[in-house]
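Written out below as structure tokens is the structure these notes cover.
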Amino acid sequence: FTDPVSKENADGVVELAKEHNLLVQFYIGDKVYAVPKSEKHLELMKRYEVLAGYPQIKLKDFNELEKLGDPAKILLLTEDPDSLLEMAKKKFGDSLHLVRGSPDPFFVEFLAKGVCKGTGLLKLCEAEKIDPKSIVAFGDGDNDMEFLQYAGMGCAMKNARQVTKDKADVVLEWSNDEDGVGRQLERLTKEGSL
């Protein structure tokens, strides 16, 4: 299921990146493209690669992005995601779904209005004829909030931000690094809940 960011909004996000000298990433298909313009941008690319586990394809300029098609998601990488999020809200209003990166924030996600992990879960459940109430979801980031809300049991990891924990049915006593997902699944299996 893909509902890409419109060309008009993508152009607006790129303009915001140019105005504030921010690194921009486009998610197109199964690839991530970035347009680094400084050493700081290259450092942010490395930091994101460590977080996400995959490299970005470097492009020389923004014109190359336009030739690739409409992005499913755009990220702007910054050391101050909270200020960027406020600027983006003023610029785009509710025409985009904006998400502060977390749990160690250094980016803001820009998605088409209504696009989030939660709506993806609902579309998948509809396609597979699965009741969303039978789903157990796990998350630690701001981009997991709707996912946790729409699942039958939303489990926030111990290391999640409070805004994410507030949307969950259960807050685990373990983090991702402490095998929280596996431990909770074992617990639910022993209880007969799965």
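The values are calculated or read from the model by the stated rules, or taken from the named source; none is laboratory data. Remember, predicted model here, so these are calculated numbers, not experimental data. Neighbour counts are summed over all protein chains in view; Cβ atoms, including those assigned to glycine, are modelled from backbone coordinates with ideal geometry. Note: accessible area is taken over every heavy atom of the protein model, side chains too, but ligands, DNA and RNA are not part of it. Shrake-Rupley method; radii C 1.70, N 1.55, O 1.52, S 1.80 Å.
Percent relative contact order of the stretch 1-48, based on C-alpha pairs within less than 8 angstrom and at least six residues apart? Intermediate values should be presented prior to the final figure.
On the way: 24 pairs, mean separation 10.3, N = 48.
Worked out over the stretch 1-48, it gives 22 percent.
Can you give me the distance in nm between label points at Glu178 and Glu43, each placed 7 Å from the Cα along the Cα-to-Cβ direction?
Distance between label points: 3.2 nm.
Relative contact order for the chain using alpha-carbon pairs under 8 Å, separation at least 6, rounded to a whole percent? Could the numbers behind the result be given before it?
Values: 347 pairs, mean separation 28.8, N = 194.
Reported as a whole number, the value is 15 percent.
When ligands, DNA and RNA are left out and all protein chains stay put, how many square angstrom of accessible area per residue does the stretch 15-156 have with a 1.4 Å probe? Don't skip to the end; give the middle numbers.
On the way: 7170 Å² over 142 residues.
Here the per-residue accessible area is 51 Å².
How large a share of the accessible area of the stretch 11-128, in percent, is made up of carbon and sulfur atoms when the probe is 1.4 Å and the other protein chains stay in place? Show your work: numbers first, answer last.
On the way: 3090 of 6080 Å².
That fraction is 51 percent.
As a test question: what accessible area, to the nearest 10 Å², does Lys31 have when a 1.4 Å probe is rolled over all protein chains in place?
The value for Lys31 is about 90 Å².
Considering amide H positions built from the backbone, and no H for Pro or chain starts, which residues 5 or more places from Ile57, or on another chain, come under 5 Å of its amide H?
Answer set, sorted by chain and number: Val32, Tyr33, Ala34.
Which of Ala156, Ala17, Ala168 moves the most in a Gaussian network model of the chain with Cα springs under 10 Å?
Answer for the Gaussian network model of the chain: Ala17.
Tally Lys/Arg at +1 and Asp/Glu at -1 over every other residue whose Cβ is under 12 Å from the Cβ of Met157; what's the total? Present the calculation step by step, with values, prior to reporting the outcome.
Details: positive: Lys158, Arg161, Lys165, Arg183; negative: Asp140, Asp144, Glu173, Asp177, Glu178, Asp179.
Summing Lys and Arg as +1 and Asp and Glu as -1 gives -2.
Which translational diffusion coefficient, to the nearest whole µm²/s, is obtained for the stretch 4-95 from the Stokes-Einstein equation, given a Kirkwood hydrodynamic radius over C-alpha pairs, 20 °C and 1.002 mPa s?
Numbers: Rh = 13.4 Å.
For these conditions, the coefficient is 160 µm²/s.
Report the full-extension gain for the segment Lys18 to Asn63: residue separation times 0.36 nm, less the Cα-Cα distance, to one decimal in nm.
Numbers: separation 45, 0.36 × 45 = 16.20 nm, distance 1.27 nm.
That works out to 14.9 nm of additional length.
Have a look at the DSSP beta bridges in the stretch 59-194 and tell me what percent are antiparallel, nearest 5. Walk me through the numbers before you get to the answer.
Numbers: 9 of 15 bridges.
Taking every DSSP beta bridge with both residues in the stretch 59-194, the antiparallel ones total about 60 percent.
Per q in 0.14, 0.19, 0.25 1/Å, what log10 I(q)/I(0) does a Debye calculation on the alpha-carbon atoms of the stretch 52-150 return?
With one equal scatterer per Cα and no solvent, log10 I(q)/I(0) is -0.67, -1.09, -1.34.
Return the single residue from Gly139, Gly114, Gly101 with maximal mean-square fluctuation; model: Gaussian network over the chain, springs between Cα atoms under 10 Å.
Gly114
Between Val50, Val35, Val170, find the one with the highest GNM mean-square fluctuation for the chain; connect C-alpha pairs within less than 10 Å.
Val50
Tell me which residues come under 5 Å, amide H to amide H, from Ala112 once H is placed; ignore anything under 5 positions away on its chain.
Amide H neighbours of Ala112: Val5, His97.
Per 0.36 nm of contour for each residue apart, how much would the distance between Asp166 and Asp3 grow if the chain were fully extended, relative to their Cα-Cα spacing? Can you show the working numbers first?
Values: separation 163, 0.36 × 163 = 58.68 nm, distance 2.75 nm.
Value of the extension gain: 55.9 nm.
For a quick check of understanding: with a 1.4 angstrom probe and all protein chains in place, what accessible area in square angstrom does Ser193 have, to the nearest ten?
Counting only protein heavy atoms, the figure is 70 Å².
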